[in-house]
Amino acid sequence: MNTSNISKKDIINAFQFRHACKEFDSKKSLSDEDINFILQTANLSPSSFGFEPWHFVVVQNKELRELLKPIAWGAPLKLDTASHFILGLSMKAPMTKWDSDYIMHMMKDVKQFPEDVIEMYSKFYREFQESDFDLDTDKKLFDWASKQTYIALANMMTSAALIGIDSCPIEGFHEEKVERLLKEEFDIDTDNYGLSYMVAFGYRKEEPAHPKSRRNIEDIITWKK
């Protein structure tokens, strides 16, 4: 595989292009090819131990989008105008604990580890949870899973920007109310999954009102030589 044809300048331009788009052009839609490309970059994203503790729900149903509006204060305009609207779900403790059926499925069926590697991997993963990171509560395990799901979010937004598609990540929602809605109206198993974020994709209606502002790179990096 050769990626040398992707220039550094083009990548930086994509990062400059990307912004939290507040309102999309509702008359423009992503092609199936483009949204599937974006979702594929989520699928190919890295995760701790490679256990992929995530699931993504693409909400195209207008009635379901309407139900989200009253309890997602950061989303209404995006729900009305975005071409595609995605819920980033993270697995809860019953799925991610070291001895869960899901973790065994990942090692045995997805990664197809031999038995001795499964035994070794399980030992490392248990020590990671119980000793290294002290993931001893359901909340800690969910927050750890969310960290992985955010990697996929960043990759989706960057890949979208690279092909000229806008996005907006959204955390402005009432967690408890949204979870109840997901269970009752979206048929999501909220014993096993919780919402980490929402993200909208589409094409900007207007250019950003202000240029991108960031701290100087020297202020965020320390070199130890």
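The values are calculated or read from the model by the stated rules, or taken from the named source; none is laboratory data. What you are looking at is a predicted structure, and each value in this text was computed from that prediction instead of being measured. Note that each Cβ is placed from the backbone with ideal geometry, even for glycine, and that neighbours are counted across all protein chains shown. Accessible surface areas use protein heavy atoms only, side chains included; no ligands, DNA or RNA. Shrake-Rupley method; radii C 1.70, N 1.55, O 1.52, S 1.80 Å.
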For this session: Run Asp187 past the list (1) on the phi > 0 side of the Ramachandran plot; (2) touching a Gly at 6+ places or on another chain (Cβ under 6 Å) and report the number of the one that doesn't hold.
Result: (2)
Seminar exercise, completed: Output for Cβ contacts, cut-off 6 Å, separation at least six or different chains, first residue under 21 Å from Lys9 (Cβ atoms) in the range 146-168, second open to solvent by less than 20 Å² (accessible area, probe 1.4 Å) and of a type in the set (Ser, Thr, Tyr), reads Asn155/Ser45; Met157/Ser167; Ala160/Ser167
Exercise. Which members of the range 182-207 meet the condition of being of a type in the set (Ser, Thr, Tyr), assigned to a loop (DSSP other than H, G, I, E, B) and over 25 Å from Glu23 (Cβ atoms)?
Worked result: Thr190
Exercise. Here is a list of conditions, (1) in contact with a Lys or Arg (Cβ under 9 Å, 6 or more places away or on another chain); (2) surrounded by fewer than 21 Cβ atoms within 10 Å (Cβ to Cβ); (3) not small (Gly, Ala, Ser), and Phe85 meets all of them except one; can you say which number that is?
Worked result: (2)
Exercise. Can you name the number of the only condition in (1) crowded, with 16+ Cβ neighbours inside 10 Å; (2) within 24 Å of Asp191 (Cα to Cα); (3) touching a Ser or Thr at 6+ places or on another chain (Cβ under 7 Å) that Asn155 fails?
Worked result: (2)
Exercise. Which of the residues belonging to the range 11-50 are open to solvent by 50 Å² or more (accessible area, probe 1.4 Å) and hydrophobic (A, V, I, L, M, F, W, C)?
Worked result: Ile11, Ile12, Phe15, Phe17, Phe37, Leu44, Phe49
Exercise. Which members of the range 115-137 meet the condition of being within 21 Å of His105 (Cβ to Cβ) and among the hydroxyl-bearing types (Ser, Thr, Tyr)?
Worked result: Tyr121, Ser122, Tyr125
For this session: Look at Glu179 and say whether it is touching a strand residue (DSSP E or B) at 6+ places or on another chain (Cβ under 8 Å) and part of a helix (DSSP H, G or I).
Result: yes
Exercise. Exactly one of (1) surrounded by fewer than 13 Cβ atoms within 10 Å (Cβ to Cβ); (2) in contact with a Pro (Cβ under 6 Å, 6 or more places away or on another chain); (3) among the aliphatic types (A, V, I, L, M) is unmet by Val199. Its number?
Worked result: (1)
Exercise. Out of contact with any helix residue (DSSP H, G or I) (no Cβ under 9 Å at 6 or more places or on another chain), closer than 14 Å to Ile170 by Cβ, open to solvent by less than 60 Å² (accessible area, probe 1.4 Å) and not basic (Lys, Arg) - does that describe any residue in the range 53-73?
Worked result: no
